[in-house]
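The values are calculated or read from the model by the stated rules, or taken from the named source; none is laboratory data. Since this is a predicted model, take the numbers as computed values, not measurements. Glycine gets a Cβ as well: all are built from the backbone with ideal geometry, and neighbour counts include every protein chain shown. Ligands, DNA and RNA are stripped out before the accessible areas are found, and what is left, the full protein with its side chains, is counted by its heavy atoms. Shrake-Rupley method; radii C 1.70, N 1.55, O 1.52, S 1.80 Å.
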Amino acid sequence: MSVLHSDNSSGPGDFENACCAAMASAFHGGAKDDSVYGSSTVGPGTLPSSLIEEMQGYDVEFDPPLESKYECPICLMALREAVQTPCGHRFCKGCILKSLRDAGQKCPVDNELLLENQLFPDNFAKREILSLKVKCPSQGCSQKMELRHLEEHEGQCEFACMECPQCQAPFQRRLIEDHMRLECPRRQVSCENCAMFMAYEDKQDHDHTCPLAYVICEYCHTELIREQMPSHYDMDCPKAPIPCTFSDFGCPEKMPRNDLARHMQEFTQAHMRMMAQALRGVSVTSYSTTPVSMIDPLQFEPGPSVMTHSHSSASPFPRDCIPEVQNLRETIQQLEGRLVKQDHQIRELIAKMETQSTTIIDLKRSIRALEEKVTEVEAQQCNGIYYWKIENFGMHLKAQEEERPVVIHSPGFYTRKPGYKLCLRLHLQLPSAQRCANFISLFVHTMQGEYDSYLPWPFQGTIRLSILDQSESPNRQNHEEIMDTKPELLAFQRPTVLRNPKGFGYVTFMPLQTLKQRTYIKDNTLLIRCEVTTRLDMNNLRLESVQPRNTDNSGW
């Protein structure tokens, strides 16, 4: 910095200028230069003059608030690189230099004459300001530190805003890692089919063109990789549309590859006519291109393929073409023979297939009857206690949320052997249902059973329904309801169809929200228990119309 100018006149002004000069000299000679960048950062004396002029004061929040003596009168912020004028005012170095060049060489406060070489650094004020406490400007951060440590803190603050290096979107430092790994549209992902790396936002377009991606054939619904699909269409697909083998001879038909053999069989004669017409056209064309002067009438002879009205008519084929035509005729005859043979083979295969289809149908019917018999036997072993396991229950909950009706019936079960046959019905009420929205409804239905003719009707007894808590703790809490049958209701009369359409139970058995309060759903499975106690002991039933008869004491 240049030495302060002073004149030879004496007075208070001279004394002030001399003091200022001495202070400037002292600061230049021995004062240590502090900065907000820390001891390792380049000091303001080494910054380019253009950069210094553009820097205003520190726009930060001080705690406690900044005193007015440390405030720049130009930018109204905390002094940055504080300098002092001979008239005793403090300014940011950049602010005063810009003011002197834009507004003239005068002090912005008192309009006193002021030259650049009269400014000197106020290192005392600078150290005081850098020692003041400030709040971190990052939203969400509550830390405070000295101003000189602010930039170092901002370089590590978890709440500081920074740009994602991949998509350039602003994020807090604490969120940037998860963003780059999970959310950034430019994060690198690999194709699961070809292992090629690409940006996440480009993966959807890549999936539509990846040669190793699995795709479904639009005709036969076979799953193949994309690069195999063209050859599949051309060679293998049984339902891909293909032209007739005789398309070159004029057949316009297109059909699935599976139907080609049937088409060839049904249109054999039409194909032969097309071939004959094509060959006749070729022969006539060859004949018409022969010069008239070279045609010998003796070269023609009658042919079986040409219809004539008299034996004296001539054949349209020159003698030179007769061997070629004969070869074509032999080829047609061979093809016809092969078609006839293939036709017999196809008919035999169709007959065998029909026989096997009948056998398979009978076997399926037998298996179904056996499965029903096994189910019926298992149902009779319940002895009045039945456990109903509903798997994939999350799928039913999703359907209920989407306003799709969910009604599930359990397999049938017997109260004992012999006994009544019952089944359960579960209904997930829709969110839009009146008075019972988002409830589980549970009902009991009577079914036609093996022992109905031996049992008294209507059915009477007590039924306990439970949705089981499947937790491992000993303090399990099942959701239970107990009901007594009402003989006057149709639900307990002897059923006249396979399952009585009338049921008896609870429309609001359990709120769906309650399922989340305990472990009612485990491994995506809901477990329901039904315990039935009948009023009559089947082993002690007696016909009311039969009276016991006294033993005859007379001997024979």
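Remarks
- Cα-Cα P(r), the range 331-384, percent of pairs per 5 Å interval: 4, 17, 10, 11, 9, 8, 9, 6, 6, 5, 5, 4, 3, 2, 1, 1
- Accessible surface of V407 - all protein chains present, 1.4 Å probe, nearest 10 Å²: 80
- Computed from the alpha carbon positions, the gyration tensor of the range 349-453 leads to an equivalent ellipsoid with semi-axes of 35, 25, 11 Å, biggest first.
- Per residue solvent-accessible surface (Å²) - the range 68-153, probe of 1.4 Å: 49
- Inter-centroid distance (Cα atoms) of the range 112-135 relative to the range 341-398, Å: 95
- With coordinates expressed along the principal axes, the C-alpha atoms belonging to the range 114-245 extend over 104, 37, 19 Å, beginning with the largest.
- For the pair the range 190-217 and the range 156-173, the centres of their Cα atoms are 30 angstrom apart.
- FRET E, pair Y506, A276, Förster distance 56 Å, beta-carbon r, rounded to 0.05: 0.10
- Scattering curve values for the range 181-260, log₁₀ I(q)/I(0), Debye with Cα scatterers, q = 0.11, 0.13, 0.22, 0.27 Å⁻¹: -0.46, -0.56, -0.95, -1.16
- The base-10 log of I(q)/I(0) for the range 382-542, evaluated at q = 0.11, 0.19 Å⁻¹, reads -0.47, -1.20 [Debye formula, identical scatterers on Cα atoms, solvent excluded].
- Its residues counted as N, the range 68-153 yields a C-alpha radius of gyration over 2.2 N^0.38 Å of 1.24.
- Using heavy atoms of the protein chains and a probe of 1.4 Å, the accessible area assigned to V215 is about 30 Å².
- Remark: accessible surface ordering of E401, E81 (largest first) is E401, E81, probe radius 1.4 Å.
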